[in-house]
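Visitor: Take this structure first; my questions come after.
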Amino acid sequence: MKKDTLAYTVIFTAISAFIFVSLLSLAFGATKGKVEENNKITEARAYLTAAGIPLTEEMDVQSEFASAYPNFDETKSFQETSINGETILVGPFQGNGLWGSISGVLGLTTDFERIVGFEIITHVETPGLGGRIDEAWFKEQFRGEFVGEGLIVRHGGSGGDSDSENGEVDGITGASRTSDSIQEIINRQIINMKSAYGGTTNE
């Protein structure tokens, strides 16, 4: 068959596409288990840090997670754990960012007046701008923050708010839409967890 004919081009393209798809399928199948394991570890790390449990390089994250959340039930809107005798509520959140979904976990005290920890699991925000929501300096300013009637993510901040009593944190410079999204997500999550906790029976 001549190489400059339409039939040759169609057959060659079809065979090439079949080979590439087959290789991708094999690669996906070979790495699927590892990807799922890594996702579970990422989620476990988020739940631990949101509860105020510090992570170390030597820590077995999955064992620590099982110890901190022995009754973990992913169908529930929040999980309970005890840190130094204090009950901490940790719940998963998901909301819209500028370009797509933002997911993570939020840790709260049972009076819902303070954030224990805030962790991002996934997002598709702009690298170097809204994508900075997963940087340590941004997340750390939420730790221990008094929320009262609601948290304010302030525009124009530059490096993190250190006052844990003002109910405010610095947003990301140049990413006001993402900062507004984080404020809305957190305040909605607090309301949802408070409602769910009020509907539970605590012995």
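Visitor: Could you give the angle, 0 to 90 degrees to the nearest 10, between helix 6-50's Cα long axis and the longest principal axis of the Cα atoms of the chain?
Guide: Taking Cα atoms only, the helix is inclined about 20 degrees.
Visitor: Find how much the distance from residue 18 to residue 55 grows on full extension, using 0.36 nm per residue of separation minus their present alpha carbon separation; answer in nm with one decimal.
Guide: The residue 18-residue 55 span can extend by a further 8.8 nm.
Visitor: Amide H of residue 154 versus every other amide H placed in the peptide plane: which residues, excluding those fewer than 5 positions away on the same chain, fall under 5 Å?
Guide: 169, 170, 171
Visitor: Which value at 222 nm does the chain reach when only helices count, each DSSP H run of 4 or more adding -39,500 (n - 2.57), with the total divided by all residues and rounded to the nearest 500 deg cm²/dmol?
Guide: Numbers: 4 runs with 81 residues, N = 203.
Taken over the chain, the calculation gives -14000 deg cm²/dmol.
Visitor: Here's a follow-up. Can you give me the long-range amide H partners of residue 126? Hydrogens built in the peptide plane at 1.01 Å from N, cutoff under 5 Å, separation of 5 or more residues or another chain.
Guide: HN-HN under 5 Å from residue 126: 131.
Visitor: Testing the spin-label approximation: label points 7 Å from Cα along Cα→Cβ at residue 101 and residue 163. State their distance in nm.
Guide: 3.7
Visitor: Another question, if that's okay. Once you keep just the Cα pairs under 8 angstrom separated by 6 or more residues, what percentage relative contact order results for region 24-152?
Guide: The value is 19 percent.
Visitor: Between residue 74 and residue 9, how many nm apart are label points set 7 Å from Cα along the C-beta direction?
Guide: For residue 74 paired with residue 9, the spin-label model returns 4.8 nm.
Computed from the coordinates by the stated procedures, all read-outs in this text should not be read as laboratory data. None of the values given here were measured: they were computed from a predicted structure. Don't worry about glycine lacking a Cβ; one is built from the backbone with ideal geometry, like all the others, and counts go over all protein chains shown.
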